[in-house]
Amino acid sequence: MAPWLPRMHVFEFHDMPWFHPWFRAKVQAALTETWKMQLPLVQRLGSPASIVAKILADELGEHVSDYVFVDYCAGGGGPTPFIERYLNSPSNKQDGHGEADAAATTTTTTNGHTAGANGIVTRSKRKTNGEGDGGLQRKPVHFVLTDLHPHIPNWSLAAADSPQIHYAPRSIDASASPPDLLSTVEPPLPPSSSPAKTFRTFNLAFHHLPTPLASSVLADTLSTSSGFAIFELQDRHLKSFLAVCLLGLGVLAFAPYFAWRWRSPGTLFWCWVVPVLPFVLVWDGWMSSVRTRTVEEITEMMASCGAESELVKKWEVRSGRLTHLPPFAEVNWIVATKLENTS
């Protein structure tokens with residue numbers, strides 16, 4: 001189905017430098033809670049973060065441990081610590097398991113084998129996780145948090161909670177990633193993870209990039225990484241705009257709980273008395289929907305981002321969506337991998 005609206009890079013409050021840091025922190029905290037929250041009996045597939053972990057496990061299969069996953073727009077940490085927890089949980093450490101495999105999947109490839117217009121092909125069948133060496137125990141998967149503006153205190157706490165979480169202690173520009181990134185992270189990656197292939201993740205982040213910057217990020221990604229994934233909780237369809245309304249209602253309903261948990265009376269005041277937080281979350285959610293790119297737009301950007309055409313042909317792109325909160329809220333995903341031994 002075609003998007004409800006054309007893509008527009010519109011105004012979001014929490015992108016603005018003048019937006020108060022207290023409100024920005026609460027907006028980011030609310031989005032993190034959205035990633036990890038699972039309502040009993042309603043969210044049968046799990047939280048959005050657990051769904052992302054299942055998608056990565058299913059799409060990469062037995063090769064998931066070959067990569068180090070680098071979150072290039074980690075902010076305060078976002079969903080990555082929770083994705084790591086789910087992906088490295090005992091139930092996910094065996095290949096051949098994952099509810100996400102049952103989802104309808106559109107597979108688009110830029111590898112040029114049976115290319116149509118613009119060298120892009122759509123397939124309905126992909127190799128599923130169970131077609132590999134099902135039952136094989138794999139190594140733990142490591143994640144690295146990076147950002148243009150590092151959040152070292154938050155990241156160091158996340159790293160202290162899990163030996164599979166690492167962070168870059170310096171500013172990292174996703175459009176010009178340093179070649180020595182993995183050798184400079186804290187805590188250091190274990191020897192068993194080196195040399196490793198880099199897999200970039202953009203969790204609720206890629207839509208924030210204006211087109212020129214997004215093209216530069218893709219060009220750098222295609223040149224220096226072995227895979228990337230874009231995960232969004234919104235798109236440009238009507239269902240997404242309705243889902244954002246549910247988010248606003250949820251913020252109002254859960255405000256007393258989070259005001260107590262965060263020891264923040266201001267959260268309750270700015271939700272119930274002067275509803276700034278729900279307004280900003282709904283407005284920014286709608287604007288994020290308008291900003292979100294389709295898989296066709298991403299593949300077109302890959303072809304036009306300045307990367308060599310022969311390099312672009314070595315990449316395969318798959319995409320799909322999973323409903324995490326019926327009937328409207330979905331995880332929209334794009335997973336791209338560089339094909340080995342492609343002529």
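Side notes on the structure shown:
- Residue within the range 309-331 that is farther than 26 Å from Ala57 by Cα and not in a strand (DSSP E or B) present: yes
- Test: His9 is assigned by TED's automatic domain parsing to the domain that holds Val280 and in a loop (DSSP other than H, G, I, E, B): yes
- The condition of being over 16 Å from the mean Cα position of the chain (by Cα), crowded, with 16+ Cβ neighbours inside 10 Å and over 23 Å from Pro278 (Cβ atoms) holds for only one of Glu62, Glu12, that being Glu62.
- Complete set of residues in the range 256-282 that are surrounded by fewer than 18 Cβ atoms within 10 Å (Cβ to Cβ), of a type in the set (Phe, Trp, Tyr) and in a helix (DSSP H, G or I): Tyr257, Trp260, Phe269, Trp272, Phe279
- First in the range 21-37 and outside any helix (DSSP H, G or I), second anywhere and of a type in the set (S, T, N, Q), Cβ under 9 Å, 6 or more apart: Met37/Gln43; Met37/Ser47
The values are calculated or read from the model by the stated rules, or taken from the named source; none is laboratory data. The structure presented is a predicted model; accordingly, all values stated were derived computationally and were not measured. Reconstructed Cβ throughout: ideal geometry from the backbone, glycine too, with neighbour counts over all protein chains shown.
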